[in-house]
Amino acid sequence: GEVIIDSPLVINSTIKSEDSSLIEFYDDVKINSSLIVNTISSDDSAQVTVEDGLTVNGAVVMLSNLPTSNPNNAGQLWDDSGTLKISQG
């Protein structure tokens, strides 16, 4: 294994960047307890994939920028004049 520590700091159980730069994990990273983050995004503007299910425990789920016409992509959500729909493809 290899450990390289430059900008990210590890304090107690917190990993943070002292200069607000991006902290990246490569390959398969396993975290055996809760992971608390503010933003999850792709570095290449592609979609982020969640495998094995997703549970959201919160009062608000925001789905901004949904297409307003059927995207013809099976399983994709879209907004039909305020009605949330799932495309059949």
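Values in this text are rule-based calculations from the coordinates and carry no lab data. Predicted model, so just to flag it, every value in this text is computed and none were measured. Positions of Cβ are backbone-derived with ideal geometry, glycine not excepted, and every protein chain shown enters the neighbour counts.
The trypsin sites (Lys or Arg not before Pro) of segment 15-89 meeting both criteria, a DSSP state outside H, G, I, E and B (loop) and at most 15 other C-beta atoms within 10 angstrom of the site's C-beta, are LYS30. The label point for VAL60 and the one for SER34, both projected 7 Å from the Cα toward the Cβ, are 2.0 nm apart. Placing a label point 7 Å from the Cα of GLN47 along the Cα-to-Cβ direction, the residues of segment 63-89 whose backbone N falls under 19 Å from that point are 63-80, 84-89. Taking packing as the residue-averaged number of other Cβ atoms within 10 angstrom, the listed peptides 68-74, 54-60 run from highest to lowest as 68-74, 54-60.
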